[in-house]
Amino acid sequence: MRKNKVILWAVLIIVSLTVTIYYSLRRVDVKEMATNSSNLIFADNSSFCATELSNLQKDNSQILGLVVNDFMHGKPFTDTEKQTIVERVPINSTSVYVALRKDGYRINDAWGDGNNWFEALLNAMESAKTGERIKSLLGVNAVEIAFAQKSELVSKDDFESWRDFRSNINRGLIGLEIEYKNQKAKFSPTYSIASNRSVDRLIEVYSQSIKVDERFVLEEGIFRKFEAIQALVHFTEEPKAYFMERGNTLVELENVDQKSVERFGELASGWLENNIDFDGKLTYKYWPSSGKESSANNMIRQWMATVALEKSAMASKRTELWDKIEKNIDYNLSQFYKKDGEFGTIEWNEKVKLGSLALAVLAIIEHPNRDKWKDYEDSILKTIYSLWNEDGSFTTFYKPEGRNDNQNFYPGEALLLLSEIYKKEQNEELLTKIMNSFRYYKEWHLDEGNRNPAFIPWHTQAYFNIYQITKEEKLKDFIFEMNDWLIPVQQWDADSAICDIQGRFYDPMRPFGPPHASATGVYLEGLIDAYELALEVKDFERTNLYRRTIKRGLRSVLQLQFSDEIDMFYVSHNKRNLVFGGLRTTVYDNEIRCDNVQHCLMAAIKIIGSFSEFDYN
């Protein structure tokens with residue numbers, strides 16, 4: 001018996017020495033990295049929130065990185081090494097997806113199964129290395145990985161379960177498995193993110209691949225969902241795995257500080273600059289997954305992007321930006337300005353909107369070379385004033401004649417312009433018009449049938465400008481009333497299980513509109529003015545309330561920005577200059593639209609100018 005114990009201890013010592021020497025040659029201390037690994041939770045949450053994700057990264061990233069690197073470079077693993085690695089990194093998975101990527105481009109992908117995560121990973125990589133599409137491993141510099149877990153049958157007869165399965169909120173967090181008459185397909189959550197496809201779109205893709213009408217697949221197919229631990233391995237001098245949340249790094253509230261917001265602003269401004277072409281044209285909408293620009297357009301958003309760049313030029317004191325902005329204004333006027341007698345218009349798709357007129361003039365008056373476009377400014381202003389009515393209301397379209405909807409947006413944009421003009425000129429006749437509009441739209445907004453968050457930031461900014469000059473108490477009171485009502489629209493505690501959506505402005509119980517980066521950005525633009533106002537009048541309860549809400553909103557917009565190699569893992573390197581610094585529409589939809597960037601940028605500029613380091617705490 002004693003002899004057997006001695007042999008057993010000798011074997012254990014040899015195994016331990018083998019693994020220690022193996023990894024120490026790569027300057028990795030396995031024991032230190034795995035100290036807390038037994039306490040990790042890998043399969044119990046649909047979303048790896050801050051603590052679990054950070055621990056997973058800290059304890060196992062180098063081990064997983066070395067495993068993938070060594071296998072890709074042909075190093076075999078002994079049974080002892082395999083067993084030790086599995087014990088050190090206790091990921092509960094027997095099915096693994098990998099995608100081999102070269103400079104962001106997916107060379108090949110494959111699924112692999114095994115008795116444990118290690119076997120499944122090696123089998124998946126072996127299949128990916130030898131698949132039909134692979135021509136050469138030369139240049140492969142990243143591997144995308146998803147460790148599938150907790151597969152669960154989805155009942156189509158259970159309406160709630162079926163709806164939840166297809167909901168976008170789970171896109172990129174859960175994977176999809178489809179079986180139709182013994183033809184199976186499996187889609188990783190990272191694949192959904194990288195290809196920007198919803199569950200419904202994946203079902204469509206699957207149906208097309210097996211040449212079966214989608215209706216039959218939906219009626220007779222078997223559907224399963226599964227969670228997955230997501231990782232990305234970069235091949236560098238010291239290979240390392242980065243564990244991801246929905247194909248990205250989770251931004252925690254504590255990451256929101258002056259430095260991170262300043263970097264956010266620099267990157268967002270850089271995106272706008274990089275997406276202005278040589279002729280002055282700005283990209284309206286871009287799809288990172290396909291690397292293509294949309295042919296759609298919107299004049300309000302285009303002109304507001306111009307204003308955002310002007311705010312950036314002023315804040316950064318980068319005088320070289322003004323020439324690029326001037327070229328952008330010239331382009332927009334050459335393409336979309338039309339004269340209708342004495343009236344100047346900004347027209348797109350046979351529509352002339354009050355909002356586009358207002359923002360075009362706002363872009364002109366913010367530029368140092370304002371006089372260059374005086375004729376344009378005067379003629380467009382004449383059109384805007386023609387749409388103002390004596391009761392203070394605005395008609396929201398010049399063309400088509402008689403159309404008068406979008407009251408939540410366009411009048412506020414027009415009032416923001418008029419308030420900026422009043423700041424420069426302090427014309428009493430103009431102030432009378434603005435105050436008439438204030439009285440009209442306050443009553444209009446407070447009518448329960450009209451109340452909408454979209455109204456609030458535009459009117460907040462306009463009335464804040466006027467209050468700074470007039471100190472009219474009614475303006476202050478209405479700004480507070482609007483923004484107090486807005487704050488509960490922000491998602492936070494109730495949705496803490498899904499970490500990466502926290503801080504956005506969207507109320508599922510009152511869906512005024514879909515969640516959107518631009519919405520969060522514009523609400524922050526108004527809220528920072530409300531914060532400044534509360535600070536000015538020493539309303540410290542509101543000061544703290546607005547400050548907390550702003551910080552939470554910043555967490556959301558930082559989450560949405562393409563800011564590093566990890567969240568651009570599926571973007572081709574030669575297209576990254578068109579993506580870097582841009583903002584996704586949501587955490588599960590990577591479409592970049594210029595207003596995603598411009599509103600969040602302008603909010604960040606105002607916040608940086610207003611917040612001290614203490615305010616981020």
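Please treat every number below as a calculation from the coordinates, not as lab data. Keep in mind it's a predicted model, so treat the numbers as computed, not measured. Cβ sites come from the backbone with ideal geometry, for glycine too, and all protein chains shown count toward neighbours.
Worth a mention:
- Pair LYS382, TRP348: separation of 7 Å Cα→Cβ label points (nm): 2.5
- Stretchable slack from GLU262 to TRP162, in nm (0.36 nm times residue separation minus alpha-carbon distance): 31.8 nm
- Counting only the Cα atoms, segment 523-617 fills a convex hull of 101 Å³ per residue.
- Efficiency of FRET from Cβ geometry, ARG318 and GLU473, R₀ 51 Å, rounded to 0.05: 0.85
- Here is the tail figure for the chain: Cα pairs spaced more than 36 Å apart come to 45 percent of all pairs.
- Maximal additional length on extending the ASN255-LEU430 stretch stands at 58.6 nm, based on 0.36 nm per residue less the C-alpha distance.
- Projecting the alpha carbon convex hull of segment 443-486 along each direction and taking the average yields 2.8 nm².
- Dipole size of segment 70-187 about its Cα centre, with +1 on Lys/Arg Cβ and -1 on Asp/Glu Cβ: approximately 480 debye, rounded to the nearest 20.
- Rounded to 10°, Cα long-axis angle of helix 50-72 versus longest principal axis of the chain: 60
- In units of the rule-of-thumb radius 2.2 N^0.38 Å, segment 280-328 shows an alpha carbon radius of gyration of 1.30.
- Over segment 253-616, volume per residue of the alpha carbon convex hull, in Å³: 139
- Pairs beyond 32 Å (Cα-Cα), from LYS353/LYS423; LYS372/LYS575; LYS311/LYS338; LYS225/LYS606: LYS372/LYS575; LYS225/LYS606
- Equivalent ellipsoid semi-axes, segment 123-247, via Cα gyration tensor eigenvalues times 5, rooted, Å: 29, 18, 11
- Dipole size of segment 253-616 about its Cα centre, with +1 on Lys/Arg Cβ and -1 on Asp/Glu Cβ: approximately 460 debye, rounded to the nearest 20.
- Rg followed by Dmax, in Å, when segment 360-413 is reduced to its Cα trace: 12.7, 36
- Residues with amide H under 5 Å from that of GLY175, placed H, sequence gap 5 or more: PHE226, GLU227
- Kirkwood hydrodynamic radius over Cα pairs of segment 226-335, then Stokes diffusion coefficient at 10 °C and 1.306 mPa s, in µm²/s: 94
- For segment 70-179, the Kirkwood radius over C-alpha pairs fed into Stokes-Einstein at 37 °C and 0.692 mPa s yields D = 208 µm² per second.
- Protection proxy ranking, peptides 322-334, 427-439, average beta carbon neighbours within 10 Å, highest first: 322-334, 427-439
- Alpha-carbon centroid distance for the pair segment 586-617 / segment 262-324, whole angstrom: 14
- Stretching ILE222 away from GLU390 to a fully extended chain increases their span by 54.2 nm, per 0.36 nm per residue minus the current alpha-carbon distance.
- Residue pairs, from the table LYS292/LYS551; LYS351/LYS551; LYS156/LYS285; LYS102/LYS181; LYS382/LYS424; LYS102/LYS317, whose Cα atoms sit over 30 Å apart: LYS292/LYS551; LYS351/LYS551; LYS156/LYS285; LYS102/LYS181; LYS102/LYS317
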